[in-house]
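Bear in mind that the values in this text are calculations on the coordinates, not laboratory data. All values derive from a computational prediction rather than experimental measurement. Methodologically, a virtual Cβ is constructed for each residue, glycine included, from the backbone with ideal geometry; neighbour enumeration extends over all protein chains shown.
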Amino acid sequence: HIPKYEDLKLLFSEYLGDEYSKEDYEKQFSIRLGKLLEKFKRIEKIYSMEKDIPEKFMYELEKQKRAIAEARDKMGDVVSPSGFE
């Protein structure tokens, strides 16, 4: 779940008496697909060295890794939270 900018802006204003910029929102909630893909590759490497890992687990991990790579190819390395609205 990614919070909406308008909701966070209101919360900052009402409860913290502070401003919350769109720039901060974009920076904090953008999804870095390249970094996520690197993380999945590390996870895959670690689990591939273990015994008795269910084949289904490795299949799902590979499936998610492919989906992330496809999303990166379509949307670029960094996906803004506004891309999900």
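For a 23 Å ceiling on Cα separation, which of these pairs sit above it: K39/K74; K35/K74; K41/K74; K4/K56; K35/K65; K4/K63?
Values: K39/K74 20 Å; K35/K74 16 Å; K41/K74 20 Å; K4/K56 35 Å; K35/K65 12 Å; K4/K63 29 Å.
Beyond 23 Å between Cα atoms: K4/K56; K4/K63.
Which one of K51, K63, K35 has the biggest mean-square fluctuation once the chain is modelled by GNM with Cα springs under 10 Å?
K51
Please identify the chymotrypsin sites (Phe, Trp or Tyr not before Pro) of the chain that satisfy two criteria: DSSP loop assignment and at most 14 other Cβ atoms within 10 Å. Which are they?
Numbers: sites: Y5, F12, Y15, Y20, Y25, F29, F40, Y47, F57, Y59, F84; in loops: Y20.
The qualifying sites: there are none.
Using the eigenvalues of the Cα gyration tensor, what equivalent ellipsoid semi-axes result for the chain when each is taken as the square root of five times the eigenvalue, whole Å, largest first? Don't skip to the end; give the middle numbers.
Working: eigenvalues 244, 43, 21 Å².
Calculated on Cα positions only, the semi-axes equal 35, 15, 10 Å.
At 222 nm, what value in deg cm²/dmol follows for the chain if DSSP H runs of at least 4 each add -39500 (n - 2.57) and the sum is divided by all its residues, to the nearest 500? Could the numbers behind the result be given before it?
On the way: 4 runs with 52 residues, N = 85.
Mean residue ellipticity, 222 nm, calculated: -19500 deg cm²/dmol.
So if we plug the beta-carbon distance of Q64 and L8 into 1/(1 + (r/R0)^6) with R0 = 30 Å, what FRET efficiency do we get, rounded to 0.05? Provide the component values of the computation, followed by the final result.
Details: r = 28 Å, r/R0 = 0.93.
FRET efficiency, Q64 to L8: 0.60.
Under unit Cβ charges (Lys, Arg +1; Asp, Glu -1), what dipole magnitude, rounded to 20 debye, does segment 5-84 have relative to its Cα centre?
The dipole magnitude comes to about 560 debye.
Do you know the relative contact order of segment 5-84, to the nearest whole percent, from alpha carbon pairs under 8 angstrom that are 6+ apart?
Details: 49 pairs, mean separation 32.7, N = 80.
That works out to 41 percent.
So which GluC sites (Glu not before Pro) in segment 1-68 pass both tests, a DSSP loop state and at most 15 other Cβ atoms within 10 Å of the Cβ? Before the final figure, lay out the partial values.
On the way: sites: E6, E14, E19, E23, E26, E38, E44, E50, E55, E60, E62; in loops: E19, E50.
In loop regions of segment 1-68 (DSSP not H, G, I, E or B), the sparsely surrounded GluC sites (Glu not before Pro) are E19, E50.
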